[in-house]
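Novice: Take this structure, written in C-alpha cells, and hold onto it; I'll ask about it next.
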Amino acid sequence: MAIRARDGGPPPRLDRITGPDRTGTAFAVVDAVGRFVDVSLQPGWWSALGAARVAAGLLEALETARLKAALVPMILRRNGYEESPSKHRMPEELRPGDEGFLDAARGRITEAYRLIDDAGKRLREREAVRMVGGPRGLFRVHARGGRIERAEAIGVQGPDDTDRLLADARAALAELARVRGELARARGEL
C-alpha cells in the first residue's frame, strides 16, 4: 500500500489492521496504534482450534494485529512517508539569564516529578490483576495492569456457539481496552 501510494496515489490510511492466528481461523482487527477493534472466527475454527484453544487463538490474532500495527510506521518511513519533522522538534533552549528561563526550568522540574509519580503508579498497576468476562460467561480475559496474560473460553460446546462466543470476546476485549484507555488518559499518554 505504501509503495502504491508513493507512486502517485493518496497517502495510505491504515486505521484497520488485521492479524490472524497461526491456523488462519481466528482474526483480530486493531486501529493504527494497536487498540482493539474487533475479533472474528472463520467457519473452520472448531476443527482447527476447538474449545480448548479458541481463546488462545483469538489472543494470538490480536497480538499479530498489534505487531503489524507497530511495524506500520517503520514501513511508511522506509517508503518515504515521514512524520512532520516539526512534530518532534524541541523548542529552542533557554539559557540562564534569558527571559522565561526560571519559569521553563520550574516547568521541567514539575514535569520530572510528575513522570516519577506516574512511574510509581504504573508499577503498582502492573502488579494489579484483573479478570474481565463477557456478559454470557463464555469468554474471560486475565490481565495484569494493562497487559493481557491469558484468556479462556468456558462452556463452548461447538461451532453453534460461534456468535455468542464472539459477542462475549468482543465485550470482554472492548471493556479491557476501555479500562486501558482510561489508565493511559490518567497518565497523560493519550
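Novice: If packing is taken as the mean number of other Cβ atoms within 10 Å per residue, what is the order of 167-178, 63-74, highest first? Working shown, then result.
Specialist: Details: 167-178: 19.2, 63-74: 16.2.
By packing density, highest mean first, the sequence is 167-178, 63-74.
Novice: Right, another one. Ranked from highest to lowest mean number of other Cβ atoms within 10 Å per residue, what is the order of the peptides 54-62, 26-34? Could you put the intermediate results ahead of the total?
Specialist: Working: 54-62: 24.0, 26-34: 19.8.
Taking the mean over residues of other Cβ atoms within 10 Å, the ranking is 54-62, 26-34.
Novice: List the equivalent ellipsoid semi-axes of the stretch 131-174 in whole Å, largest first, each obtained as the square root of 5λ for an eigenvalue λ of the Cα gyration tensor.
Specialist: On the way: eigenvalues 77, 18, 10 Å².
For the stretch 131-174, the semi-axes come out at 20, 10, 7 Å.
Novice: Computed FRET efficiency, Cβ-Cβ of Ala70 and Arg144, R0 22 Å: what is it to the nearest 0.05?
Specialist: Working: r = 20 Å, r/R0 = 0.93.
Computed FRET efficiency for Ala70 and Arg144: 0.60.
Novice: For the pair Arg136 and Ile116, what calculated FRET efficiency results from E = 1/(1 + (r/R0)^6), where r is the Cβ-Cβ distance and R0 = 41 Å, to the nearest 0.05?
Specialist: On the way: r = 43 Å, r/R0 = 1.05.
Between Ile116 and Arg136 the formula returns 0.45.
Every number in this text was worked out from the coordinates using simple rules, so none of it is lab data. Values in this document were obtained by computation on a predicted structure and should not be read as measured data. When we count neighbours, we look across all protein chains shown, and the Cβ atoms used for this are built from the backbone with ideal geometry, even at glycine.
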